[in-house]
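The values are calculated or read from the model by the stated rules, or taken from the named source; none is laboratory data. On a predicted model such as this, the values are computed, not experimentally measured, just so you know. Positions of Cβ are generated from backbone atoms using ideal geometry, with glycine treated the same way; all protein chains shown enter the neighbour counts. Ligands, DNA and RNA are stripped out before the accessible areas are found, and what is left, the full protein with its side chains, is counted by its heavy atoms. Shrake-Rupley method; radii C 1.70, N 1.55, O 1.52, S 1.80 Å.
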Amino acid sequence: MSTRKIARWEAEGLIDAATAARLTAWEDAHSRPLALWATIGIGVLAIGLGIVSVVAANWDAIPGTVRLAVHFGLLLAFAGALWWRGEEWSARQPWVQDGALFVLGLLGLTFFGHIGQVYQTTSPLWQPLALWLALFAPLILLRGQSWLTAALIFVLAAMACLDWAVWSEPSWFGAPREPRPAFPLGLVAALPLLFAPLGAWLRERSGRSDFWRRLEQLARAYALGGASLIAIAAGIDAIGDNNDEMFARGALVAIAMVGLGAAALVAALRRSASGRAGALVLAASALAVMLALVVSGSQLGGGIVFLALWAAVAAAALAGGWRRVFQIAVGVLALRLIILSFELASNLLTSGAGLILAGVLIVGVALVAVRVSRKFAPVAADVAP
Amino acid sequence: MNARLLLGAALALPLAGLGTSWAVTHVRAQQGTVWQVPVSGYDPRDLLQGHYVQYRYDWPGLDFTSSPEGFYGAPVLCLEGTAPRIAQVRVADGRPCPVPVRADLSDPGMMGPLVGGRLYVPQTAAAGLEQKLANPAQKAILRFRLREDGHLTPLELTFRAKSAAERAAEERLVRPPEPAPPPVRAN
């Protein structure tokens, strides 16, 4: 901190000369050579980039086993650091421990890809992801402390489930594939929802409540996002019994069942207003999926199911005292109303009068949404969603 | 102490799992015999797909284009010959097959199973390989390792100049000999 400010305060009469002298002396004694640190920092960055560049350029010249050994050595190093300093970090610097956990997880994930590159093996995405979950989940669930590790484990679990259920369907042009039964696909796709009751259960019983809260939030976001997508898809295309597709009847029934089960568990485990609100969001998502089955193929039906789902989310936010979620829900409702009106009366856009009407509608809906949002939103409470 | 043991176990689990995965992959990669099969470029305009070179197998004695499976390939083929030379390849059809080649259904790629394949190539070698594959005077040979269970792992692409007989055979495929003109009958 420059001593100019101290001189100015003294000049303004805020501090007297003795205090000014003491402050200046203290600052001189504790000054940090920022310019020096910046220069050294640039040098270190250059060295780091140079190392990465040299390794990348000679990647193929380095024998595969050597590369894998170095990779495994890095894994050992991070695991060792977590073993020796883990307790100390989790007490005083939890971010460092979480960062180390995150890097360890990513190193493990890339190790599978690295093996595949060296030995020319391939496998569908869900296999290494499922193996990664089996190996790393105990560690992360035992020691994760923040949103970083919660997001890591949830996203990889969701990707593994979705890849098995939806994305990796072996096919090549024209050759017949055997259709997979739809019910297990839906069950597997809905598995990440089970993080919600898990998070709800452990959030009050563990010292790392932030981690479990994030997991529960992520599971709810997954449920809401998935149900919204299904509602939109139901408006576009009829859901049939075609067992080749994700949106087959059996799959949706399975998803709804898991969703309702998760909601019931969350309601039983967290008997607070916030807990009940969370359960309501899950239940509304499950019911929206069931309704999407009923109204599939109808544009208006799909739109109504979507609006009903997000109205339920807004109600849950009111009940649970979640200000931001309420505002987001109102915004989404307004947006969907506008889009729905355009879908139903698409010839509005083809005439000048129609455009004026559309503009008035948009402005009207937006204004109402803002007023509702401001007037009814719960006060920013200390209840965490 | 209990918490520390638990942490130790949780840390040891992924390390043990990854190490085992590496060891198992390494051992399986050493098994099997090495064979050679001629290949040709799949799409002359775009032989590279990302980091992979795509090629089409020219199994000796097997012509997919004339068989009913046609483009789709077959799930199992039978190799005949002594490693590394393949004498003959046929589609597995119930007869005993001592050297099977099984399609990898988890990685279908652009072509039917066992019709084509792809090889991971480093960036620096990619351009040279593409050029050689596109060169009509060079024949590409793929060395691959075949495990007992039929799993095929491509190892490397080598090139040799085509012999005159091979080039003549290819010319005949591309340009069939013109039919002889009908005899002029003197009337």
Of A:ARG203, A:ARG32, ordered by accessible area with the largest first and a 1.4 Å probe, the sequence is A:ARG32, A:ARG203
Rounded to whole Hz and in sequence order, give me ³J(HN,Hα) for the stretch A:150-161 from the Karplus expression 6.51 cos²θ - 1.76 cosθ + 1.60, θ = phi - 60°, writing x for Gly and Pro. 4, 5, 4, 6, 5, 4, 5, 5, 5, 5, 4, 5
With every protein chain present, what accessible area does A:LEU107 have (1.4 Å probe, heavy atoms only), rounded to the nearest 10 Å²? 30
Along the dipole axis of the protein assembly as shown (charges at Cβ: +1 for Lys and Arg, -1 for Asp and Glu; origin at the Cα centre), the most positive-end residue among A:LEU187, A:ASN58, B:LEU79 is A:LEU187
FRET efficiency for A:ILE236 and A:ALA311 from the Cβ-Cβ distance with R0 = 25 Å, rounded to 0.05, comes out at 0.75
Setting aside same-chain residues fewer than 8 positions from B:LYS132, which lysines have a Cα under 19 Å from its Cα? B:LYS162
Along the stretch A:180-193, what does the Karplus equation 6.51 cos²θ - 1.76 cosθ + 1.60 (θ = phi - 60°) give for ³J(HN,Hα), rounded to whole Hz, x for Gly and Pro? 8, x, 6, 4, x, 4, x, 4, 5, 5, 8, 4, x, 5
Run the quick spin-label model on B:SER21 and B:LEU5: label points 7 Å from Cα toward the beta carbon, then report their separation in nm to one decimal. 2.8
Kindly sort A:PHE183, B:PHE144 by accessible area of their heavy atoms, largest first, with the probe set to 1.4 Å. A:PHE183, B:PHE144
Considering Cα pairs under 8 angstrom that are at least six residues apart, work out the relative contact order of the stretch A:198-302 and quote it in whole percent. 35
Partner shielding of B:144-156, taken as the mean number of other chain Cβ atoms within 10 Å, equals 1
On a 1.4 Å probe surface of the protein chains, which of A:ILE230, A:ILE339, A:ILE62 comes out largest in accessible area, and what is the full order? A:ILE339, A:ILE62, A:ILE230
For chain A, what is the calculated [θ] at 222 nm in deg cm²/dmol (nearest 500), taking -39500 (n - 2.57) for each run of four or more DSSP H residues and dividing by its residue count? -26000 deg cm²/dmol
If you plug each phi of the stretch A:263-270 into the Karplus form 6.51 cos²θ - 1.76 cosθ + 1.60 with θ = phi - 60°, what whole-Hz ³J(HN,Hα) values come out, in order, with x for Gly and Pro? 4, 4, 5, 5, 5, 6, 8, 10
Probe 1.4 Å - accessible area at B:ARG4, Å² to nearest ten: 70
Once you charge only the Cβ atoms, +1 for Lys and Arg and -1 for Asp and Glu, what is the size of the charge dipole of chain A about its Cα centre, to the nearest 20 debye? 980
Say we join alpha carbon atoms closer than 10 Å with springs in a Gaussian network model of chain A; which of A:PRO138, A:PRO33, A:PRO192 then has the biggest fluctuation? A:PRO33
Search the structure for amide H atoms under 5 Å from the amide H of B:HIS151, placed 1.01 Å from N in the peptide plane, and list their residues when 5 or more places away or on another chain. B:ARG102
Isolated Cys in the protein assembly as shown by the 4.7 Å beta carbon test? A:CYS161
Give the accessible area for B:ASP58 in Å² (nearest 10); use a 1.4 Å probe, count only protein heavy atoms, and leave out ligands, DNA and RNA. 50
